Structure formats: C-alpha cells, structure tokens
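The values are calculated or read from the model by the stated rules, or taken from the named source; none is laboratory data. In this text the structure is predicted, and so the values were computed from the model without any measurement. Backbone-built Cβ (ideal geometry, glycine too); neighbour counts: all protein chains shown.
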Amino acid sequence: MEIFEHPILRFERKSKITFFFEGNPVEAYPQETVAMALYRNGINVFSYSPKLHRPRGLFCAIGKCSSCLMEVNGIPNVRTCILNVQEGMKVKRQNGLGDLPKTSEFLKSEKEYSPTVLVIGSGPAGLMASITLKEKGVDVLLIEQNPNLGGQLIKQTHKFFGSQKEKAGTRGIEIANELVKELNSLDVNYFTNTTLFSFYPRENVFLAFKDNELLKIFPKFVVFATGASEKMIPFEGNDLPNVMGAGAAQTLVNVYGIKVGTNVLMVGAGNVGLIVSYQLLQAGINVKAVVEASDKIGGYFVHAAKLTRFGVPIYTRTTIKKAVGVDKVEKAILVELDENFNETSKEFEIDVDAILLSVGLQPSYQLLAQAGCEMKYIPSLGGYVPLRSKELETSVKNFYIAGDVGGIEEASTAMLEGKLASLSILKKLGFDVEKEKEALELDLAKLRSTPFSKKILQGLKEVAYE
Amino acid sequence: MSNYLEKGYLEVSDIIDNFPSEDVFSLHPVAVSECVQEIPCNPCVSSCPTKAITMQDISSIPVINYEQCIGCGKCVQVCPGLALFLVFKNKDSYEITLPYEMLPLPKVLDEVYLLDRTGKRIGTGIVKRVIKVEKNTYSSLITVSFKEKSLIYEVRNIGVKNG
Ligand code: SF4
Ligand code: SF4
Ligand code: FES
C-alpha cells in the first residue's frame, strides 16, 4: 500500500526500524506515527469497541477523535495517530476501555514556562501568529500536538486560491515550508508532539504533555489556533475500519505516502471532498464516485471539473446508506434523495475498500470552553464557536482566537486572522501597529466578499461583541 | 448556462459564445477560460505579462482580451483551478495546451487519448510539446494536436496510453 511515485511529492524513506504489534515484529520508517506504520503494513483494525466488540480504526489521523486508541508500552488509551513509532515499541490492540497503568512512573518530570504569548496549534493561523509576534521581538511559545508543524497545510498538494498576496497559486505544502523556515529563522520557541489538555483559570496555568513530561505554561496572552476536525454522519456501518475523514486519507496519502485503499468513495462535494478526491487520483488511487446529498456541488466548480475530466462521476442528491464489510469496508450502498432530501427507493451499490467523509468540519473548541470563553452554536461557522471582538479577543481577557476554531474558512483567511490576533496583542503591548492592522482588515474583508462567504459573514455577525 | 453545479462539468454551449474566433487563434495560441463561478482567486491576472486578463475585483470572473493575449501559457501554469487552456490552429491541425498534474507524463510524439470534460475518450491526438515544470508550484503543460475542429471545444484532458 506504499506510494512510490507521485507527480508532486517525494517521499524520503531511509532507514527502517522494528516495533511490535501484538507481539509480532513490524517494520516502520522512523518519523512516522504508530497508526501510519500499521496502515503501511495493512493493519486497519486498531481496537474492538467496549460493548459490541466491533472493530475500530483510524478516523481523523490528527489527534482529535480518539478513534485510534491503543495500548503502547503498557499504557492504554494512547492516540497512536500522533505518537511517533520507536524501535522496540510494544503496541497492542485494546479491548474495551483498557486498564490504568499500575505506576505513574512514566510521568518523568515537570517543567515550567512563562512566555508572553502562548500559541496553541501550528496550522496557518498559529504559524502566522507566532511569526508576527516574534518579528517584533515578543517571546512566543508555540505548541503543536502532531509530529510536524504546519497543521493541515502539510498535506495540501494543490495550489491555493486567494490573491497572490496570500500566496495564491502556491501549493499548501510550499506555504507550510516557507512559514516554517521563517519561524526557524526567527528562532521561535516551539514544541511538537505536545498535547495541551487542561487549563486552570485561578492559577492561569495550562498543562501539556510532551514525551512523558508535564509542562506547566503560564502565559500572559494566548492565541487559540486549534483548528477543526471532521464531522461524522450517521449511517449503518460508519464505525467500520476504512470509513474515515477525508483529511485522514490525505494524511496517509500525502504526508506518509500510504494508499488508503484501491477504490474509494468520497461522501461530500464541498471543497475538501473535491480537492482530496483529486489528490487521491494523483496518488494513483481510483475514486469510484463522489456523492453529495445537496442538489448542488458545494465546493468551487473548478475543483469539480478537475475530477469529472478524469471520469469521476459526481452524484448530487445522493447519499450513503450503509457501509458493508467484515473487518473493513468492502462496499457502500448509496441512495438517491428526493426533492425534500428524503431517501427514495433508488439504491445502488459500489465496490469500494474505503469510504471517506467530507461532510463538513467542526471547530476544535474544547479548550476554549474549558477556559470559560463564551460560546455560541452557529451552524454556518461549523458548530460551537467563541464570541469575539473585532480584534479576535474572546470573552476571556487576553485570550485570542485565529483560524478555523472561530469558524470554518480557508487557509488564506486563517493566515490573515493569525496575523490579526497578533497585531491586536502587539497593540496591547504598546507597539504601533494601527496602519498594518487597518490594511489587514481590508484584505480580510476582500477575501470574504464572494458569494461563498455570505453565510460566514452572517455567522460572524452573530458572534461579534462590543 | 447549463446546470454545471449538478454534474460538475460545463457543456460546449456554455463556452461557445465567448470562444475566440478562428482568425484570432490562427496567429498564435490564445488562452481560453472555463472559470465561470465567482470565487476569491486572481493569480491568473497577476501572472499575465501583457495584462490580457482582467477582473473587477478578486471575486469576479476573469475576462481574457484575446487581442492582447500572446499565448505564453503563464496563466495556464499558475491557475489553481486548472481552468485555463490555450487553443491554436496550426496550419492543417488544431492544438490545445492543457495543465496536467498526473503521472506518467506523456512524451513528445506519443499518441494519447483525447478526453472530454466527463473523461470520455473522444479521439486520439499527438503530443506536440511537454513543458515539465520543476518548480512544483506550477502545473506541467501538455500540447496535443488533432485534425477535427470541433474537438477544440471539447478536449479538456488526455489519457496516456498504457499509463
Ligand atoms: S497565455 Fe500569457 S498572455 Fe495569454 S492570457 Fe495567459 S498569461 Fe496572458
Ligand atoms: S487563476 Fe484560475 S481559478 Fe483563479 S480566477 Fe484565474 S482562472 Fe479562475
Ligand atoms: S485521534 Fe487518532 S484517529 Fe483521531
């Protein structure tokens, strides 16, 4: 299931290491996560559900859904999609909830940090925020739970839209490279493989884990750039291994060079579904169909045209009814919808070994809610989002947001928001950034001036305060 | 316009009215656009050395001035929507230049399948030129030639034989 040749990507694979899965040796490349290494070796079942013992596999591949929990070196409930594999590691399928480890020895030590600004998440918003702050000499600590910086940019092999100023026409992976280079040249302090899991308002402390080390972070300001995760939709068999988020397939294919399947079905014709489908074609994977419950393609038409000219059919007003298979997807049963979007009797089957969902993203708001930020449910923004001022400050003083966590948009808007949040903080710190800020706000307004942004603008109005 | 958002492709009738006349694309290749929906995008405009592509603002539809276009292909390489093509009448054959981002790339003089907007094979053509772009922000360009004039309105992809 390995991809060797790719029109855009080069996969560097040097040495190999060995770890153990259920007692058997498995080969892996260093720098890949446990979940990816298992997939590369054709292992899709990661655990069995607690009650019904149904097989479970990967869903988000970016540390956000807990569908990939396994026992690693005796510790249960480890998210294997964000844990780097190590020589000799012992990985086991977990049956049910897992037992607590008998000692807490694995928690080796504790460290404290007091940055001026803590930036959570290193996607386009977080990277831009960190760069903007550090450029002015402000002390930043950037935290990323995945092994790589760049968030979802690192798997975007397509050229971006937007204006040249926001790097349109450049591929996402290139943007990530450029931003990370800038970050490094500015010597921004960052930690990858680090999960921030809790906030205590009284002590104003954030707790995070990094390789068995507890970090206590006491920041003056925080930029939450935690991004979003893929939504699930209800249908029979949606928990079967190889039913996964389109973004997870993208991680497998574009970051690690592993095929998600041979014949796949994409559910949802928004931009994510269309773009990922095209990227699968580029990786030599057959996209059997794209189905879309609505009566129109929701993503950009040009993305759809890129697929149809390769013979990929897009069925609008059609949805998935059932995923069928024993230990993994073997086929999908689709159903046409009537004009009221109710299921008709017209059903058809297609043979696929993976079903990818791109039915929308939801902001990763959990930390914000924990921090006491006032939240509101806004469907057009993707779900629960924090209220915020024009300067992107939440209802909790000195806590800012940027990017998809405040409402699902594009990477280009996320970058601008990351910059805006930082400029707002710089302003509070006494820097003269008024002009820069005004120009930026204008650029943002321009990007949001198309019909695609109408609903988003409406949603943003509902969460604006002051 | 056809119901292109239901099926994901345009019909010839959607583009024929704005298509350049044969006189115009007999002199040199000319860019044509299939970017018909308002999206926030404009690299085609900034990439054009002769300012042949204009747009009211970033979310408008690009308009190509066929008289001003010199057929350099910059916009085709840069367009993230792969929605721009070059058309050319070269003596007794017709040529289309399209962006291509798949493997394997065809070679010059290869015979390839000509595909329409739905991926259907509608003929064969000969590869005239391959511009493989190393700088990976751009798409490679393939120029194919064929005899039938009507195909210039329909061919928007190629299929590499044994590929
Ligand atoms: S082919 Fe060259 S001259 Fe013509 S519109 Fe494109 S960039 Fe401009
Ligand atoms: S660059 Fe391509 S997709 Fe973007 S506006 Fe121009 S023609 Fe349309
Ligand atoms: S947390 Fe690992 S697959 Fe979602």
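For the stretch B:91-131, the set of residues classified as in contact with a helix residue (DSSP H, G or I) (Cβ under 7 Å, 6 or more places away or on another chain) and among the hydroxyl-bearing types (S, T, Y) consists of B:Y94, B:T97, B:T118, listed by residue number.
Within the stretch B:6-35, residues that are under 16 Å from B:G73 (Cα atoms) have Cβ atoms under 6 Å from residues that are small (G, A, S) and surrounded by fewer than 21 Cβ atoms within 10 Å (Cβ to Cβ) in these pairs: B:H28/B:G71; B:P29/B:G71; B:V30/B:G71, counting only partners at least 6 apart in sequence or on another chain. On the stretch given as the stretch B:1-49, residues that are more than 9 Å from chain A (Cβ to nearest Cβ), of a type in the set (V, I, T) and over 14 Å from B:N65 (Cα atoms) total 3. Comparison of A:L274, A:L252, A:L307, A:L280 shows that the only residue that is crowded, with 23+ Cβ neighbours inside 10 Å, within 16 Å of ligand 2 (Cβ to nearest atom) and within 21 Å of A:C60 (Cβ to Cβ) is A:L274. The set of residues in the stretch B:62-80 that are more than 7 Å from ligand 1 (Cβ to nearest atom) and touching a His at 6+ places or on another chain (Cβ under 7 Å) contains only B:P80.
Against the criterion of being part of a loop (DSSP other than H, G, I, E, B) and in contact with a helix residue (DSSP H, G or I) (Cβ under 7 Å, 6 or more places away or on another chain), A:E417 does not qualify.
Among the residues of the stretch A:394-419, those that are surrounded by fewer than 23 Cβ atoms within 10 Å (Cβ to Cβ) and either of a type in the set (A, V, I, L, M, F, W, C) or in contact with a Phe, Trp or Tyr (Cβ under 6 Å, 6 or more places away or on another chain) (or both) comprise A:V396, A:N398. Assessment of the stretch A:396-408 against the conditions (over 18 Å from A:C373 (Cβ atoms), at pLDDT 95 or above and among the polar types (S, T, N, Q)) yields no matching residue.
Of the set (1) surrounded by 13 or more Cβ atoms within 10 Å (Cβ to Cβ); (2) touching a residue at least 60 places away in the same chain (Cβ under 8 Å); (3) not hydrophobic (A, V, I, L, M, F, W, C), all apply to B:P62 but (2).
For the stretch B:108-140, what are the residues that are under 23 Å from A:R171 (Cβ atoms) and surrounded by 20 or more Cβ atoms within 10 Å (Cβ to Cβ)? The answer is B:Y138, B:S139.
Matching residues to (1) away from chain B (no Cβ under 14 Å); (2) within 16 Å of ligand 1 (Cβ to nearest atom):
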residue	(1), (2)
A:L127	yes, no
A:K134	yes, no
A:V140	yes, no
A:N146	yes, no
A:G151	yes, no
A:K159	no, yes
A:A176	no, no
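Please go through the stretch A:443-466 and pick out each residue that is within 12 Å of another protein chain (Cβ to nearest Cβ) and in a helix (DSSP H, G or I). Answer for the stretch A:443-466, where residues must be within 12 Å of another protein chain (Cβ to nearest Cβ) and in a helix (DSSP H, G or I): A:D443, A:L444, A:A445, A:K446, A:L447, A:P451, A:F452, A:S453, A:K454, A:I456.
Selection of first residues in the stretch B:101-125 that are within 11 Å of chain A (Cβ to nearest Cβ) and of second residues that are of a type in the set (D, E) and surrounded by fewer than 14 Cβ atoms within 10 Å (Cβ to Cβ), restricted to Cβ pairs under 7 Å at least 6 apart or on distinct chains, gives the following pairs, ordered by first then second residue: B:L103/A:E5.
Within the stretch B:135-143, is even one residue more than 14 Å from every other protein chain (Cβ to nearest Cβ), part of a strand (DSSP E or B) and in contact (Cβ under 8 Å) with a residue 12 or more places away in the chain? For the stretch B:135-143, residues more than 14 Å from every other protein chain (Cβ to nearest Cβ), part of a strand (DSSP E or B) and in contact (Cβ under 8 Å) with a residue 12 or more places away in the chain: present.
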